[in-house]
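Structure first, commentary second.
Values quoted throughout were computed directly from the atomic coordinates according to the rules given, and no laboratory measurement underlies them. Computed from a predicted model, the values in this text were never measured in an experiment. Reconstructed Cβ throughout: ideal geometry from the backbone, glycine too, with neighbour counts over all protein chains shown.
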Amino acid sequence: MPLLTIKELNSTTKLWVWKISETWDELFQSVVLKDVSLARLETMKSESHQKGFLSVRKLLISAGYTDFDLYYDEFGKPHLNDGKHITISHSFEFSIIVISDEVIGADLELLKEKTLKIAPRFMEIFHLENLSHYEQMKKATVIWGIKESVFKIKNEPGISFPLHIFEQQFNLEDKKTIAELRFNNKTEYFDVVFDFIEDYVFVCAFEKNK
Ligand SMILES: CC(C)(COP(=O)(O)OP(=O)(O)OC[C@H]1O[C@@H](n2cnc3c(N)ncnc32)[C@H](O)[C@@H]1OP(=O)(O)O)[C@@H](O)C(=O)NCCC(=O)NCCS
């Protein structure tokens, strides 16, 4: 059951989730790649990364696109030829794409102890007060995902997770919050939604209209 879900995040934004259960060969045989993508695939060392890359092409097909409709800018940020916004993430068994009329950034992260361990390096740890150990791990992973998602939107050199990206107070049940980027003497705001897919955290940030 490779295409796990399609979900509307709002009226012009959809999430596609792929659960990677195929072999490398099955994935490779089922997509057509342009030369630049084939060349990039060859540079990826791990099979897991390659399968993530190939499964994203399967998601593109599910969304009515092909590899030929996708290109990357010099920072590695993906774009669609038709002007819609796309964001991509892959992590072990899952890959996701989000396509929207809005400017978006999304991240998928496996829940792991290490994220909680390094939390003081990337977030304000008072956000983890009064939570069980498992909830702390979930919240730290959501906050990491928020920072990755905002970073994917802004994509500017010099942005630091602990120094420039902040999340407003939220509870895990809320499944939404607001993030702030305080950078270069201005503050920008982002609506954030998040959810849990098996042992993974999905986060999507939307640039708020200025
Ligand atoms: C670019 C970055 C956001 C990718 O995130 P990741 O968790 O490693 O990987 P993900 O699977 O979630 O995302 C990978 C996808 O992001 C997209 N991407 C890559 N660079 C991007 C960029 N500059 N902007 C937006 N999207 C980008 C690509 O689509 C890529 O997948 P693909 O090349 O297979 O199409 C991440 O590597 C990064 O640089 N983060 C900032 C690191 C940082 O500041 N850390 C501070 C710690 S305190």
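Structure notes:
- Cα long-axis angle, helix 133-154 against the chain (0 to 90 degrees, to the nearest 10): 60
- Fraction of C-alpha pairs exceeding 24 angstrom in the chain: 42 percent, rounded to a whole number.
- Packing, taken as the mean count of other beta carbons within 10 Å per residue, orders the peptides 16-24, 40-48 from highest to lowest as 16-24, 40-48.
- Considering only alpha-carbon pairs that sit under 8 angstrom and 6 or more positions apart, the relative contact order computed for the chain is 16 percent.
- MRE, 222 nm, helices only [DSSP H, n ≥ 4, -39500 (n - 2.57), over the chain, to nearest 500]: -9000 deg cm²/dmol
- Taken about its Cα centre, the chain carries a charge dipole of roughly 320 debye when the Cβ of each Lys and Arg holds +1 and the Cβ of each Asp and Glu holds -1.
- Charge tally in the Cβ shell below 10 Å around Met123, where Lys, Arg are +1 and Asp, Glu are -1, Met123 excluded: +1
- Long pairs among Lys19/Lys138; Lys7/Lys77; Lys112/Lys139; Lys45/Lys154, criterion Cα-Cα beyond 19 Å: Lys19/Lys138; Lys7/Lys77; Lys45/Lys154
- Here's the picture: charge each Lys and Arg Cβ at +1 and each Asp and Glu Cβ at -1 in the chain, and of Val103, Asn171, Phe151 the one pushed furthest to the positive end of that dipole is Phe151.
- Within straight-line cross-link reach of Lys51, aspartates and glutamates at Cα separation under 14 Å, skipping those fewer than 8 residues along the same chain: Glu22, Asp25, Glu26, Glu42, Glu93
- C-alpha long axis of helix 47-62 to longest principal axis of the chain, angle in °: 80
- Restricting region 159-202 to trypsin sites (Lys or Arg not before Pro) that sit in a DSSP loop and have at most 16 other Cβ atoms within 10 Å of their own Cβ leaves Lys175.
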